[in-house]
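Report on the structure given below.
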Amino acid sequence: MKKFSSFSLLALCLAFVGSSVNGQSQRWQQSINYQMDVDMDVATNRYTGTQTIAYANHSPDTLRRVFFHLYYNAFQPNSMMDERSRSIADPDRRVGERILNLRPEEIGYMRVKRLHMNGQPVSMEEVGTILEVDLPEPILPNSTVLFESEFEAQVPLQVRRAGRDNAEGIRYSMAQWYPKLANYDEQGWHAHAYIGREFYGTWGNFDVKITLDKAYVLGGTGYLQNAAEIGHGYESAGQTVPETDESTRTWHFYAPRVHDFMWAADPEFTHDTRQMDNGITLHFFYEKNSKTEKNWAALQEYTEKAMAYFSEHYGEYPYRQFSVVQGGDGGMEYPMSTLITGHRTLGSLVGVMVHELAHSWFQGVLGSNESLYPWMDEGFTTFASNRCMAAIFSEEPSDFPQRGAYASYERLVQSGLEEPMATHADHYHTNTAYGVAAYSKGALFLSQMGYIIGEEVRDRAMLQYWDQWKFRHPNANDITRVMEKASGLELDWFKEYWVYTTNTIDYAIASVSEENGKTKILLERKGRMPMPIDLVVTYRDGEQETIYLPLEMMRGGKNSEAGFPEITQVHKWPWTHRSMELQLDRPVAAVRNLSIDPSLRLADVNRENNEWVNE
Ligand SMILES: [Zn+2]
């Protein structure tokens, strides 16, 4: 055990004063500063650590208990993660029965040996992956307390996300590796057990020292503070790194304003860096061999392009570095970094990197509660990364990069497995229902928002979302309000139906007839969910117009959109009315084709009745 280093409580307190509110809203948030010092034994895969936390209670509440996540306890036979993986109808193949079969030296564990608050011992109980703590004295509103602890842990053989010796032979993928204080917000504590998915944390500064065998190369979250001493590609050009006689090295990282900290280590990591014009340094860590060499070299330029793309369209990346690290079991996002498996085709490698990098905006900096609103992270990330891939990678850029998300949502509806998108990420009945709701139906929240309020307004609103909610944990209401303010429209009905129900959309062209030389069209709402309708008319002479039917409850409508036929008629549709009748000034013979939403942005589950062709 290391001794607690001298760490100034005052400095910790001062660092975060005033971060809880700004002029936009009075919502408060807690703040935290971690200082950790860990010692890893690479022979036993066990480590010990000390942790000092300054925790500021900006809430109006007096806190008598706190909760820590002890994630590595999930990797033990009969844990909640193990039980769930074996009983769910469609198990994650990466987990299956692997936890049940872990041997004692392969399980993970995390034990807090000692925990003090302001110098007094607390009363604590380890309950699976959560440490329940009764405090010796309450934490009053607007006060800061100091937690000091000692912990010991064993890195599990990699099963899911974190662990040692993954399928590609990377020694350490160190995510979810320290006792992490659960977040407390206006909805209370979020001490969710580690069962399968998604995280939520309090923003703060992480000061982390990691000591291990000097042969290892480390990368992940944060800025290396002792680069000149460490070398391994971190040192400045031309700098000479002194040799050490010690068998270990201590790596000192600092990460400001993040809600988590990941590191990875391997003795065979190659470390490449790429400097961007805007001052951001991109780091790449991978084991160089025939399966990685070519594609990891090519990946670097795409990472730079993606970073520039997301900064332009979703808000300026607020950190000085991003690390792409070979490790983990697929692709997983962490602040300033990602762990991705490395033996991939270039398309797959770039696609996963782009997805994980996009998370830096939605998971990393907006930081919505991923357990309660997984779709605001995975869905928005999917939406943004589909657009980015179309812009920077595809040889034939698609004009409809969300096509796959619509198809996936429609398959889920057909399967009968759909559950409301408001379901807690761990509590869906099947992995399929979770995955499609979070990734695809979540992407369609933004894609359909473009249909409802107009693409340009939606895109401008995404930058306003960033400005108003970065570092502030937005929820479903917050994103909806941003879209309402940007468009001047009422959009609560869309959120209510799309997020809280499984009602589906189906509109139809019920009939077309002629009266006094004019064309009469009857539109019908067949699905339960109401939506505004773009009806595009194509005449025999090639002319096109859009007849626009906003819902009456939107209290307005969008303008004509660039790239779409101009809106020539507007009819407000009261949602109670199953059908609406329209009229064109020309006879039926002049009409070639009628189409409900030819842009395909409306998630209409039955498109067969959306078209009428004048044979
Ligand atoms: Zn993701």
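Which GluC sites (Glu not before Pro) from the stretch 86-167 combine a DSSP loop assignment with at most 14 other Cβ atoms within 10 Å?
Passing sites in the stretch 86-167 are GLU97, GLU105.
Per the Cauchy relation, a quarter of the hull surface: what is the mean projected area of the convex hull of the alpha carbons in the stretch 405-475, in nm²?
5.5 nm²
From Cα coordinates alone, what are the radius of gyration and Dmax values for the stretch 276-344 in angstrom?
12.4, 37
Counting Lys +1, Arg +1, Asp -1, Glu -1, what net charge surrounds ASN289 among other residues with beta carbon under 10 Å of its beta carbon?
-2
For the stretch 293-400, which GluC sites (Glu not before Pro) are both in a DSSP coil and crowded by at most 16 other Cβ atoms within 10 Å?
Filter output for the stretch 293-400: GLU316, GLU395.
For the modelled label position 7 Å from the Cα of GLU312 along Cα-to-Cβ, which residues of the stretch 379-400 have backbone nitrogen atoms closer than 16 Å?
Answer for the stretch 379-400: 384-394, 397-398.
First obtain the Kirkwood hydrodynamic radius of the stretch 142-277 from its Cα pairs, then insert it into the Stokes-Einstein equation at 20 °C and 1.002 mPa s, and state the resulting D in µm² per second as a whole number.
On the way: Rh = 17.2 Å.
Reported coefficient: 124 µm²/s.
With only alpha-carbon atoms counted, please give the Rg and Dmax of the stretch 304-441, in Å.
15.0, 46
In the chain, what percent of the accessible surface is made up of carbon and sulfur (1.4 Å probe, ligands and nucleic acids excluded)?
Reported share for carbon and sulfur atoms: 47 percent.
Show me the trypsin sites (Lys or Arg not before Pro) within the stretch 185-260 that DSSP assigns to loop and that have at most 10 other Cβ atoms within 10 Å of their Cβ. Show your work: numbers first, answer last.
On the way: sites: ARG197, LYS209, LYS214, ARG249, ARG257; in loops: ARG197, LYS214.
Counting only loop positions with at most 10 other Cβ atoms within 10 Å, none of the trypsin sites (Lys or Arg not before Pro) in the stretch 185-260 qualifies.
Please work out the ratio of the alpha-carbon Rg of the stretch 519-615 to 2.2 N^0.38 Å and round it to two decimals.
1.04
Any idea what the relative contact order of the chain is, in percent, if you count C-alpha pairs under 8 Å spaced at least 6 apart? Present the calculation step by step, with values, prior to reporting the outcome.
Numbers: 1344 pairs, mean separation 59.1, N = 615.
Averaging sequence separation for qualifying contacts and normalising by length gives 10 percent for the chain.
Heads up, I need the accessible area for HIS571: 1.4 angstrom probe, whole protein in place, Å², nearest 10.
Here the accessible area works out near 60 Å².
Residue by residue through the stretch 132-143, which ³J(HN,Hα) values in whole Hz follow from phi under the Karplus form 6.51 cos²θ - 1.76 cosθ + 1.60 (θ = phi - 60°), with glycine and proline marked x?
For the stretch 132-143, the Karplus-derived couplings read 8, 10, 9, 7, x, 8, x, 8, 7, x, 6, 10 Hz, x marking Gly and Pro.
Could you tell me which of GLN158, PHE147, LEU131 has its Cα farthest along the dipole of the stretch 130-200 towards the positive end, charges placed at Cβ (Lys, Arg +1; Asp, Glu -1), taken about the Cα centre?
GLN158
Jot down the per residue volume, in cubic angstrom and as a whole number, of the convex hull over the alpha-carbon atoms of the stretch 354-395.
48 Å³
Any idea which of LEU491, TRP189, ALA562 is furthest toward the positive side of the dipole for the chain, if Lys and Arg beta-carbons carry +1 and Asp and Glu beta-carbons -1?
So the residue furthest toward the plus end is TRP189.
I'm a student and want to see the number: the projected area of the Cα convex hull of the stretch 444-495, averaged over all directions, in nm².
3.2 nm²
Across the Cα atoms of the stretch 34-119, what radius of gyration and what greatest pairwise Cα-Cα distance (Dmax) are found, in Å?
17.3, 48
Would you mind giving the three semi-axes, in whole Å and largest first, of the ellipsoid equivalent to the stretch 467-566 according to its Cα gyration tensor? Don't skip to the answer; put the middle values down first.
Numbers: eigenvalues 220, 63, 22 Å².
In descending order the semi-axes read 33, 18, 10 Å.
Counting only protein chains, not ligands or nucleic acids, how are ASP37, ASP134, ASP597 ordered by accessible area (probe 1.4 Å), most first?
ASP134, ASP37, ASP597
Using modelled backbone amide H atoms (1.01 Å from N, in-plane), which distant-in-sequence or interchain residues come within less than 5 Å of PHE471's amide H?
Hits under the 5 Å cutoff: LEU366.
Please calculate how many Å² of accessible area the chain carries per residue, with a 1.4 Å probe and no DNA, RNA or ligand atoms counted.
Averaged over the residues of the chain, the accessible area is 39 Å².
Could you derive backbone 3J(HN,Hα) for the stretch 468-479 from the dihedral phi with the Karplus parameters 6.51, -1.76 and 1.60 (θ = phi - 60°), listing whole Hz in sequence and x where the residue is Gly or Pro?
Whole-Hz 3J(HN,Hα) from phi for the stretch 468-479: 7, 10, 4, 6, 9, 6, x, 10, 4, 5, 5, 5.
What does the C-alpha gyration tensor say about the overall shape of the stretch 241-323? Classify as rounded when a/c is under 1.5, otherwise prolate if a/b is larger than b/c, or oblate.
oblate
With only alpha-carbon pairs counted, each pair once and no self-pairs, how large is the Kirkwood hydrodynamic radius of the stretch 188-346 in angstroms? Please list the in-between numbers first.
Numbers: mean 1/r = 0.0590 Å⁻¹.
After inverting the pairwise mean of 1/r, the radius is 17.0 Å.
Quick one: P(r) of the chain from all Cα-Cα pairs, 20 Å bins, percents rounded to integers, in order of increasing distance.
Taking every Cα pair in the chain, the percentages come to 18, 49, 25, 7, 0.
What share of all Cα pairs of the stretch 370-450, in percent, falls into each consecutive 5 Å distance bin?
Final binned percentages: 3, 17, 26, 22, 17, 8, 5, 1.
Cα-Cα pairs above 22 Å in the stretch 100-202: how many percent?
The proportion of pairs with Cα distances above 22 Å equals 40 percent.
Compute for the stretch 220-262: radius of gyration divided by Kirkwood radius, i.e. Rg/Rh, restricted to C-alpha atoms, rounded to two decimals.
Rg/Rh: 1.03.
The values are calculated or read from the model by the stated rules, or taken from the named source; none is laboratory data. Only a predicted model underlies this, so the values are computations on that prediction, with no experimental measurement involved. Counting neighbours? That spans all protein chains shown, and the Cβs are built from the backbone with ideal geometry, glycine included. Ligands, DNA and RNA are excluded from the accessible area calculation, which covers all protein heavy atoms including side chains. Shrake-Rupley method; radii C 1.70, N 1.55, O 1.52, S 1.80 Å.
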